[in-house]
Amino acid sequence: MLKLIFNKIFKALLRISFVGYFLLMCTMLKLLFINYFSSSADVGQMYVAGKAFIEGKDILNPINTGGNPSYFLFGHSLIVSACVILSEFFSFSFDTLIKIPAVLSDLMIAFILLHIPNGGKRIALIYMLNPLTFFLSVYNGQLHTVAVAGAIFSIWLMNQDRFVLSGFVLGLASIIRQHFSVLIVLLAKKSGRYRNMSIMVFFVVLILSNIPLFSSTHIKNVFVPVSNYGLWGYSMILNHGPRLLSLAGFNRVESLMTPLNNALELYGPGFYLIWALIFSIWYWYREPENEWSAGLFFLLGIYTIGTGFGVQRLIWVVPFWLIVSFRQGTIFCILASIYLIGSYWQWTLNDKYSVVSITQNLDVLKVCDLFGLIIVGMFGFLTWAYCARTFFQIWRKELVN
């Protein structure tokens, strides 16, 4: 039996191309790098949330997660808690363990990109080698990439006419990041006579796995999955622009913009539900070019309307965009990588100036740091603007067609 298994593994390895081996080598290097890189604040927050999950506490209650509001479904918590248990049982670093799923998911995505008809070598290599992918896996410590891998795998299965399995995989991706659950409309339209079974499998995974969350007094959080108002796009200009202007003597602007900012922070998360409904209706009655372009369109819509954002979400569109347009996807990776690296530098300013939020204390900054902060904000806005521009281009094209 073992001999048969080893023979199959050996034959599979022989079928891997040079690029495939290069992707494997890159993954091995990333696994080595995670031991030498420090970690973002997300890692510590996930550890606290994982401990709360293991202890049976309400993980949607900020009190139980170190004051950090959580909106994640059960799949996220299962992975985090598994890493907590393994780290304590084997006396191993949680910081290292929690990054491994993202690193392995990068490899999975790259292999899919390598072998799909719309993909190829250059797309797989650009995905694996760009700084955005590298830092979000090796430093940031997040599970967004795992959800993206699930969504990509689900669409690949969809295109192989393996609809029931596609629904199962999409359900798994959705219990890690519920945003991807909207892509069920792609499967529902494509699956034909397998539609009922595919949808049923998806919802069985989505609902049954999250039954423990139904008793939470903060269950509403999962329906408005958004955070960090003012760190992305137009909300960045509306929230932080007046503070910057106040340094130049325009003190009234901030007070004038306060009602609008408060309203967007309160009601902005609802934009996601509205866009999900619009996209679902649009897709059902239109004939988009393919599932990859439809997925890109949906995610760019989230980016465009989003009032809150985390840099981890930048990874969502990367494989979709590289498939649909290699040139535009590469430009996005460049802009987003600069913004991501700049954000890492920006976060160090809180400790440097001993403040909780540097953006709320611009008056304490030295000129060089203030100038650097403005540049980071500019690249953040440019990245959003590029996403919004492409979103409206796709929208107009589909409406015309």
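Based on the Cβ-Cβ distance from Ile331 to Leu208, what FRET efficiency comes out when R0 is 41 Å, to the nearest 0.05?
0.50
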Contour minus Cα-Cα distance for Ile374 and Phe18 (0.36 nm per residue): 123.9 nm
Label-to-label distance, nm, for residues given as Ala41 and Val224 (7 Å Cα→Cβ offset): 2.1 nm
Global size of the chain as Cα Rg and Dmax, reported in angstrom: 21.6, 78
Radius 13 Å from Cβ of Glu254, net charge of other residues (Lys, Arg +1; Asp, Glu -1): +1
Ranked list, fewest to most other Cβ atoms within 10 Å of each Cβ, for Met28, Met236: Met28, Met236
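Relative to the present Cα-Cα distance, how much length would full extension add between Leu245 and Phe92 at 0.36 nm per residue of separation?
Result: 50.3 nm gained on full extension.
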Exposed chymotrypsin sites (Phe, Trp or Tyr not before Pro) absent - longest run of the chain, DSSP non-H/G/I/E/B, at most 11 other C-beta within 10 Å: 215-401
Förster radius 51 Å - calculated FRET efficiency between Val355 and Gln160 (Cβ-Cβ, nearest 0.05): 0.45
Exposure proxy order (Cβ contacts within 10 Å, fewest to most) of Cys83, Cys26, Cys333: Cys26, Cys333, Cys83
Residue order, fewest to most beta carbons within 10 Å, for Lys190, Lys220, Lys99: Lys220, Lys190, Lys99
The chain: angle of helix 291-305 to the longest principal axis, Cα-based, in degrees nearest 10: 20 degrees
Rough spin-label spacing in nm, given labels placed 7 Å along Cα→Cβ, for Leu29 and Met200: 4.9 nm
Lysine-lysine proximity count for the chain, Cα under 29 Å, sequence distance 8 or more or distinct chains: 21
Theoretical gain in end-to-end length, Leu256 to Phe392 [0.36 nm per residue, Cα-Cα removed]: 46.0 nm
Mean separation of Cα contacts under 8 Å, 6 or more apart, over the residue count of segment 224-401: relative contact order %: 30 percent
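Just so you know, all these numbers are worked out from the coordinates, no wet-lab data involved. As the structure is a computational prediction, the values presented were derived from the model and not from experiment. Note that each Cβ is placed from the backbone with ideal geometry, even for glycine, and that neighbours are counted across all protein chains shown.
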